[in-house]
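Everything below concerns the one structure shown next.
Read-outs: derived from the displayed coordinates by stated rules, not from any lab. No experiment lies behind these values; they were computed from the predicted model shown. A quick note on method: Cβ atoms are made from the backbone with ideal geometry, for glycine too, and the neighbour counts reach across all protein chains shown.
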Amino acid sequence: MAANGFLVFDESRTNTLTQDEYATDSQRIGSVTSGLARSALHNKALHQVSIMVAALGQLIADKGNDASDEDLLLLTEQLKSIMGGEESFFFGSDGRKYRFGVDEIGLYYEEVESQ
């Protein structure tokens, strides 16, 4: 069975902001300021990023490949595989059309010009 090496940070969600607190947090909106770091804010941010990455890793593992952070080029190819090729399109909640895909640098997305 393929393994997913991407793990969720703060799985227990202790000492973290709620979604409502995070959505309105001034440091999330305007960036962290000088001084002591607020662990609850950082825990929430790391949790959000890591849970999305873990989900992508699980999609790779579900396709029968080991998901690992040891080889960027291999991971890029695996992401291309689960995305169905070089690039795909979707419509955002704003009604605009976007293109996303994977290139030699990593994931990208951009708005597609309306015609």
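Would you mind ranking 26, 68 by Cβ crowding within 10 Å, fewest neighbours first? Intermediate results must be reported in sequence, preceding the final value.
Values: 26 9, 68 16.
Exposure proxy ranking, most exposed first: 26, 68.
Which of 1, 83 has the fewest other C-beta atoms within 10 Å, and how do the rest follow up to the most? Present the calculation step by step, with values, prior to reporting the outcome.
On the way: 1 5, 83 16.
Going from least to most buried by this count: 1, 83.
Stretch residue 69-residue 81 to full length: gain in nm at 0.36 nm per residue minus the Cα-Cα span? If you can, show how the numbers build up before the last one.
Working: separation 12, 0.36 × 12 = 4.32 nm, distance 1.65 nm.
Between residue 69 and residue 81, full extension yields an extra 2.7 nm.
As I understand it, the dipole of the chain uses +1 on the Cβ of Lys and Arg and -1 on the Cβ of Asp and Glu, about the Cα centre. Which of 8, 23, 55 lies farthest toward its positive end?
The residue sitting most towards the positive pole is 23.
Over the chain, with a Gaussian network built from C-alpha contacts below 10 Å, which listed residue (24, 16, 76) shows the highest mean-square fluctuation?
24
Starting from the amide H of residue 112, placed 1.01 Å from N in the peptide plane, find each other amide H under 5 Å away whose residue is 5 or more places distant or on another chain.
Close amide H contacts, sequence-distant or interchain: 97, 98, 99.
Tell me the net charge near residue 75. Cut-off is 11 Å between Cβ atoms, residue 75 excluded, with +1 for each Lys or Arg and -1 for each Asp or Glu.
Its environment carries a net charge of -4.
Test of understanding: what is the full-extension gain from residue 20 to residue 105, defined as 0.36 nm times their sequence separation minus their Cα-Cα distance?
Contour length minus the Cα-Cα distance gives 27.3 nm.
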